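*Asks:* One structure is given below, represented as structure tokens, and several questions about it will come after.
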Amino acid sequence: MPTFLFLNIKRYEYNAKRKELKKINLDLSYPDEINLDFLMKTPEGLDYVLYSVVVHKGRSPNSGHYFCFINVSKNVLEPIWYEFNDTIVRKVPTNKVLKNYTGKKKTVIQLTK
């Protein structure tokens, strides 16, 4: 099984009548760990931990800003999160990654074994 699992969240839909893309603003929450053994049985198991989150802030797919959070810790039990936002790089608490950006903004969630 792959070391990294990328979940790309479709946050836009096409309106054929208006001929435009519209941002989907539905809440989405996720844990910092996930087990996918229910999908397929493997000898090593399918346990993944949250590694990074890409966030889109903006009202539409045609405007806005992307930034990300990355866990730089080698110890999955003690994550160390950083926010990368243009030229600003700063350490942030786990709850900011999990709580403040659950919902309407996330675009890509990356997990690692």
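*Asks:* Name the residues in the stretch 4-52 that are under 29 Å from D86 (Cα atoms), exposed (fewer than 14 other Cβ atoms within 10 Å of the Cβ) and either among the acidic types (D, E) or in contact with a helix residue (DSSP H, G or I) (Cβ under 6 Å, 6 or more places away or on another chain) (or both), would you?
*Replies:* Of everything in the stretch 4-52, those that are under 29 Å from D86 (Cα atoms), exposed (fewer than 14 other Cβ atoms within 10 Å of the Cβ) and either among the acidic types (D, E) or in contact with a helix residue (DSSP H, G or I) (Cβ under 6 Å, 6 or more places away or on another chain) (or both) turn out to be E13, E20, D27, E33.
*Asks:* Can you tell me which residue is modelled with the lowest pLDDT among those in the stretch 70-106 that are under 23 Å from L46 (Cβ atoms) and in a strand (DSSP E or B)?
*Replies:* K106
*Asks:* If you check P43 against the conditions, is it assigned to a loop (DSSP other than H, G, I, E, B), within 12 Å of the chain's Cα centre (by Cα) and either over 19 Å from S63 (Cβ atoms) or not acidic (D, E) (or both)? Spell out how you get there, then give the answer.
*Replies:* Working: assigned to a loop (DSSP other than H, G, I, E, B): yes; within 12 Å of the chain's Cα centre (by Cα): no; either over 19 Å from S63 (Cβ atoms) or not acidic (D, E) (or both): yes.
When the stated conditions are applied, P43 does not pass them.
*Asks:* Follow-up question, since we're still on this one. I need a count of the residues in the stretch 53-78 that are farther than 30 Å from E20 by Cα, of a type outside the set (A, V, I, L, M) and either touching a Pro at 6+ places or on another chain (Cβ under 8 Å) or surrounded by 13 or more Cβ atoms within 10 Å (Cβ to Cβ) (or both). Let's see the steps before the verdict.
*Replies:* Let us first name the residues in the stretch 53-78 that are farther than 30 Å from E20 by Cα, namely 70-78.
From what's left, of a type outside the set (A, V, I, L, M): 71, 73-75, 78.
Filter once more, so that each one left must be either touching a Pro at 6+ places or on another chain (Cβ under 8 Å) or surrounded by 13 or more Cβ atoms within 10 Å (Cβ to Cβ) (or both): 71, 73.
The number of residues fulfilling the criteria is 2.
*Asks:* Out of curiosity, is N62 more than 17 Å from the chain's Cα centre (by Cα) and not aliphatic (A, V, I, L, M)?
*Replies:* yes
*Asks:* Just the residues that are of a type in the set (A, V, I, L, M), within 21 Å of I70 (Cα to Cα) and modelled with pLDDT of 85 or more, please, taken from the stretch 1-59.
*Replies:* If the condition is that a residue be of a type in the set (A, V, I, L, M), within 21 Å of I70 (Cα to Cα) and modelled with pLDDT of 85 or more, then V49, L50, V53, V54 are the ones that fit.
The values are calculated or read from the model by the stated rules, or taken from the named source; none is laboratory data. Quick caveat, the model's predicted, so the values are computed rather than measured. Note that we place each Cβ from the backbone using ideal geometry, even for glycine, and neighbour counts take in every protein chain shown.
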